[in-house]
Amino acid sequence: MKIMVVGSGGREHTLTWKIMQSPLVDEIYCAPGNAGISKLANCVDISAEDIKGLADFALDKKIDLTVVGPEAPLALGIVDEFARRGLKIFGPSKNAAQLEGSKIFAKELMKKYGIPTAEYKVFDNPKEAQDFVKEIGTPVVIKADGLAAGKGVIIAQTEKEAAAGIRRIMKDREFGSAGDRIVVEECLVGREVSILAFTDGETVVPMVSSQDHKRVYDNDEGPNTGGMGAFAPSPFYTPELAQIVERDVLQKTVEAMKKEGCPYKGVLYAGLMLTSKGVKVLEYNCRFGDPETQVVLPLLETDLVHIMEAIIEDRLDEIEIKWKNKKAVCVVMASGGYPMDYDKGFEIKGLEEVEKLEGVYIFHAGTAIKDGKIVTSGGRVLGVTALGDELKSAAEKAYTGVERIYFEGAHYRKDIGINQ
Ligand code: AMP
Ligand code: GLY
């Protein structure tokens with residue numbers, strides 16, 4: 001088979017790496033990819049959001065299966081466009097991707113079908129939103145309705161912060177039309193768990209649980225980032241909890257989507273908060289998580305291409321999905337200054353040595369090749385994943401790798417997978 005992976009981050013490097021392990025695969029392409037991916041796949045210079053360009057390429061190269069990493073092309077309808085042209089693609093349709101593309105769509109669906117989530121109200125008027133904040137008090141969460149590259153959620157500790165958040169989204173229009181409407185919701189407290197699940201629109205098979213770390217500094221301090229690391233499975237996600245989530249969240253969501261006329265196929269990601277009043281859905285994503293993928297896929301025993309084909313052909317129930325009885329930790333190394341301004345173009349050293357370590361994998365995110373050298377080209381530069389029998393040993397191994405990689409200004413959290 002010829003496969004194309006769409007995207008250019010650590011998630012896509014991991015997808016490419018896992019897909020390459022399938023005996024079904026002869027050739028793999030990635031659009032646009034990064035320096036790490038280019039060692040495994042033919043990288044093609046087409047943007048992940050250039051849906052027409054990607055479909056033209058897939059037709060021309062006779063790609064047998066396209067796998068989409070990021071949410072933006074899904075929300076733009078890449079799956080519909082490929083299907084229209086008779087091309088096989090893994091992911092939800094544009095309608096189904098609304099589950100991530102519109103927070104209001106997701107909240108209304110959850111309310112209608114009794115899926116547990118935070119109390120909320122929708123506003124298209126900043127004054128009314130602010131009055132509602134006064135009514136329910138703080139802390140409170142303000143969310144732009146549309147896609148905002150992970151930055152559209154503001155947790156406001158005071159009324160003033162809430163007012164500033166509402167202003168940024170609705171008046172300054174920081175996220176453009178994604179902020180035409182907002183959700184104001186109850187602030188939940190608890191531990192977060194990410195549950196990714198495979199689904200063909202009928203059968204739902206959850207993957208191992210995981211947790212990411214969005215804050216830039218140790219002990220979950222500092223501003224939010226795209227993710228500074230992850231571990232899997234989560235020790236807080238008990239088998240009892242898994243049963244509840246499978247029944248009351250995953251299965252219910254997939255059934256609800258079918259009833260709403262937008263059957264959901266692909267990876268369904270439920271971001272959960274384990275609160276004292278039970279588990280609640282914080283958000284849905286319509287794709288693999290980043291950096292969760294960097295810890296989940298290395299634990300997957302089964303051939304991923306096999307699973308994806310079964311999903312596309314509506315026969316996920318025929319597949320047995322197996323996981324390694326191990327733990328995984330991924331530590332992200334970021335550019336100096338990230339998530340604020342940072343410089344790029346610094347040479348990355350030590351990669352080859354770390355690649356030789358048993359059970360340690362480097363997944364590139366923001367890297368490029370310049371004059372034959374691998375250099376930094378983004379905020380999150382790479383992730384080092386390690387497997388172990390315990391989270392502690394996996395974390396120690398990951399940090400052994402991280403400490404041997406060097407680029408100017410590199411920074412990373414020291415507590416990923418430790419003391420969980
Ligand atoms: P995003 O991935 O951009 O939708 O951001 C979701 C993140 O915002 C979650 O991982 C939580 O950390 C936080 N969050 C979202 N909704 C709530 C809520 N109702 N209460 C507390 N934290 C929330
Ligand atoms: N790790 C959060 C996300 O993928 O959106």
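Every read-out reported here was derived from the displayed coordinates using simple, explicitly stated rules and does not represent laboratory data. No experiment lies behind these values; they were computed from the predicted model shown. Neighbour counts run over all protein chains shown; Cβ positions are idealised from the backbone, glycine included.
Observations, loosely collected:
- Peptide ranges 78-89, 224-235 listed from the most packed, as the mean C-beta count within 10 angstrom indicates: 224-235, 78-89
- In this structure, the residue pairs whose Cα-Cα separation is over 22 Å, taken from LYS111/LYS322; LYS103/LYS259; LYS160/LYS414; LYS62/LYS88; LYS39/LYS88; LYS94/LYS265, are LYS111/LYS322; LYS160/LYS414; LYS39/LYS88.
- Computed over region 314-420: relative contact order in percent, which uses C-alpha pairs under 8 Å that are six or more apart: 37
- Near LYS277, once Lys and Arg are set to +1 and Asp and Glu to -1 for all other residues with Cβ below 14 Å from its Cβ, the sum equals -1.
- Amide H within-cut-off set for TYR29, under 5 Å, with H built and near neighbours excluded: ILE3, MET4, VAL5, ASN42
- Region 163-260 shape via C-alpha gyration tensor axes, a/c threshold 1.5: oblate
- Lys/Arg +1, Asp/Glu -1 at C-beta; the chain dipole; positive extreme among ILE104, SER8, ILE312: ILE104
- Karplus-derived 3J(HN,Hα), 6.51/-1.76/1.60, for each residue of region 275-280, Hz, glycine and proline x: 9, 5, 9, x, 7, 9
- Highest average first, the peptides 122-135, 205-218 ordered by how many other beta carbon atoms sit within 10 Å of their residues are 205-218, 122-135.
- The phi torsions of region 330-345, fed into the Karplus equation with coefficients 6.51, -1.76 and 1.60 and a -60° offset, translate into couplings of 10, 10, 8, 9, 10, 6, x, x, 4, x, 8, 5, 8, 9, 10, x Hz, rounded to whole numbers, with Gly and Pro shown as x.
- Placed amide H near LYS414: partners under 5 Å, 5+ positions off or other chain: ASP218
- Ordering of 46-55, 377-386, 96-105, 61-70 by packing [mean C-beta count within 10 Å, highest first]: 377-386, 96-105, 61-70, 46-55
- Residues whose amide H lies under 5 Å from that of ASN95, counting only those 5 or more places away or on a different chain, are absent; hydrogens are built 1.01 Å from N in the peptide plane.
- Pairs of Cα atoms farther than 15 Å apart, region 87-176, %: 64
- Space enclosed by the convex hull of the alpha-carbon atoms of the chain, per residue, Å³: 137
- For LYS324, net neighbour charge (Lys/Arg +1, Asp/Glu -1) across residues whose Cβ lies under 12 Å away: +1
- For region 285-414: rounded, prolate or oblate by the Cα gyration tensor [a/c cutoff 1.5]: prolate
- Residues LYS61 and ALA164, FRET efficiency given R0 of 56 Å [Cβ-Cβ distance, rounded to 0.05]: 0.70
- Three-way shape label, region 155-200, alpha-carbon gyration tensor, a/c 1.5: oblate
- Rounded to whole numbers, the Karplus 3J(HN,Hα) couplings from phi for region 27-43 are 8, 9, 10, 9, 10, x, x, 8, 4, x, 5, 5, 7, 10, 10, 7, 7 Hz, using 6.51 cos²θ - 1.76 cosθ + 1.60 with θ = phi - 60°, and x at Gly and Pro.
- For the chain, the dipole from Cβ point charges (+1 on Lys and Arg, -1 on Asp and Glu) about the Cα centre works out to 460 debye, to the nearest 20.
- Extension gain from GLU318 to ILE244, taking 0.36 nm per residue of separation minus the Cα-Cα distance: 24.3 nm
- Neighbourhood net charge (13 Å Cβ-Cβ; Lys/Arg +1, Asp/Glu -1) for MET170: +1
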